[in-house]
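Before any comments, here is the structure.
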Amino acid sequence: MNQRTPIVVTGGAGYIGSHTCKALAAAGFEPVSFDSLVNGHRELVRWGPFEAGDLLDPRSIRAVLERYAPAAVVHFAAFAYVGQSVREPAAYYRNNVAGTLNLLDAMVAAGTARIVFSSTCAVYGEPERMPITEDVMARPVNPYGRTKLAVEGMLADFGAAYGIESVCLRYFNAAGADPEAETGEDHRPETHLVPLVLDAAAGRRPSVTVNGTDYATPDGTCIRDFIHVSDLAGAHVLAVEHLLAGGGSEVVNLGSGRGASVREVIETARAVTGREIRVETGPRRPGDPPVLIGSWRKAERVLRWRPLRSDMETIIADAWRWHRKRFA
């Protein structure tokens, strides 16, 4: 494989997409970011070409695949707000499912036969055992999770019919930022816990709200598996390399194998930033399970991947460095 093999990255101007583009470039690939910029940021496309386009316009993605003849596609482009998906399911099915269908049709037409898909632990819904392994029944409880599971099914069907090989990466709570602060998290609106906590530490918001303090957990707040975004990016590179080496289709969890409660995240942020963080309490959010922790043993076995930066102190320190740079 030559040193600048093109890889098309849909959603490459987004949070995880931009980190993955940096990791792909470091591994010798040429990441081509295809993004509508509805949620992405043009200035975060720094490691390869940018192509403006929307998967709901099949001509635009087909033109990009024909122009670059990529060895693989890494597919992030999707709407990803759970609450919004409940309020606007039509938008989620149209964007996430119909948009992916356009992408897969374009791949078949262009002869692009490998794809790494950004899936989610939301496909599991409210599982009854921890840590979650890939053989746990997928029973999503919201439209966002259902659209991701629908795409996984599409990939299996396109594999059987058209020979497209895929790796579906079901990851848990992405957090943190590039250790060199070249890219990071900037959602608008922001809904993720770590940046909300750091907003409160920086004085950009008066407080952070803890939704639910009466869960059956040691401190009463939800426990989540936080995975450093740079670890996630590295897994996508390994998945691309797996497919280019002739590896078959896989469904793989990406988690740290350990959990941190909401209160633990806040306390870690206080220690790392040295700032006071005011906390308010709110009601539980519908559908929030008490605990979500994922096993990463299959990822280790299939992709030779393991989380390296996913302890909470490192996640917060890297995110805080980016946060101060981005929102100074």
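The values are calculated or read from the model by the stated rules, or taken from the named source; none is laboratory data. Computed from a prediction, not measured in an experiment: that's the story for all the values here. Don't worry about glycine lacking a Cβ; one is built from the backbone with ideal geometry, like all the others, and counts go over all protein chains shown. The area values use the complete protein model at the heavy-atom level, side chains included, leaving out ligands, DNA and RNA. Shrake-Rupley method; radii C 1.70, N 1.55, O 1.52, S 1.80 Å.
For the stretch 1-147, the spread of Cα positions along the three principal axes, ordered from largest to smallest, is 46, 32, 31 Å.
The apolar share of the surface of the stretch 154-238, taken as the fraction of accessible area on carbon and sulfur atoms (1.4 Å probe, ligands and nucleic acids excluded), comes to 49 percent. Of M107, M312, the residue with the largest accessible area leads and the full order is M312, M107 (1.4 Å probe).
Could you sort L292, L37 by accessible area so the largest value comes first, with the probe set to 1.4 Å?
Putting L292, L37 in descending order of accessible area: L37, L292.
What's the longest uninterrupted piece of the chain once you rule out the chymotrypsin sites (Phe, Trp or Tyr not before Pro) that are loop residues per DSSP with at most 16 other Cβ within 10 Å?
82-326
For the stretch 61-153, the fraction of 1.4 Å probe accessible surface lying on carbon and sulfur atoms is 53 percent. Loop-located GluC sites (Glu not before Pro) across the stretch 194-267 with a Cβ neighbour count of 12 or fewer within 10 Å are lacking, with loop assigned by DSSP.
Based on the Stokes-Einstein relation at 25 °C and a viscosity of 0.890 mPa s, and on the Kirkwood radius from alpha carbon pairs, the chain is assigned a translational diffusion coefficient of 123 µm²/s. The stretch 1-79 and the stretch 137-153 have their alpha-carbon centroids 24 Å apart.
Calculated accessible area for the chain comes out at 42 Å² per residue, all protein chains present (probe 1.4 Å; ligands, DNA, RNA ignored).
Helices meeting the span-like rule in the chain (full DSSP H runs, Cα extent of at least 20 Å along the helix axis, mean Kyte-Doolittle score of -0.5 or higher): 143-162, 229-244. Summarising the strand pairing of the chain, around 5 percent of its internal DSSP beta bridges are antiparallel.
When the surface is traced with a 1.4 Å probe over the full set of protein chains, C121 keeps roughly 10 Å² accessible.
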